[in-house]
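The values are calculated or read from the model by the stated rules, or taken from the named source; none is laboratory data. Only a predicted model underlies this, so the values are computations on that prediction, with no experimental measurement involved. Note that each Cβ is placed from the backbone with ideal geometry, even for glycine, and that neighbours are counted across all protein chains shown.
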């Protein structure tokens, strides 16, 4: 069996991060609303914009305004697991 002698590659950090965004403000009561979601993005601003594009009846502003939703970076290290998308869809 042949051996490959590859030069060691520099460690490259991934550009994208994972964010958990959760609503803190109540939207009008409806079945077609998202309560929280996990978003892959470069930073919090991009994560909020991506979340806003996937909003349902709660509206895009719920995800764009820090006063209406909480955004935290999720540590990518850890065990395999389902992360989340929490929605009420009637």
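Details
- If the condition is being modelled with pLDDT of 90 or more, touching a strand residue (DSSP E or B) at 6+ places or on another chain (Cβ under 9 Å) and loosely packed, with under 14 Cβ neighbours inside 10 Å, then segment 59-76 contributes 70, 72, 73.
- Residues of segment 66-79 satisfying the condition of being free of Cβ contacts under 8 Å to residues at least 40 places away in the same chain and farther than 22 Å from residue 15 by Cβ: 66, 79
- Counted residues, segment 17-58 - those being within 16 Å of residue 71 (Cα to Cα), outside any strand (DSSP E or B) and at pLDDT 85 or above: 15
- Of all residues in segment 30-55, those that are over 15 Å from residue 20 (Cβ atoms) and crowded, with 17+ Cβ neighbours inside 10 Å total 3.
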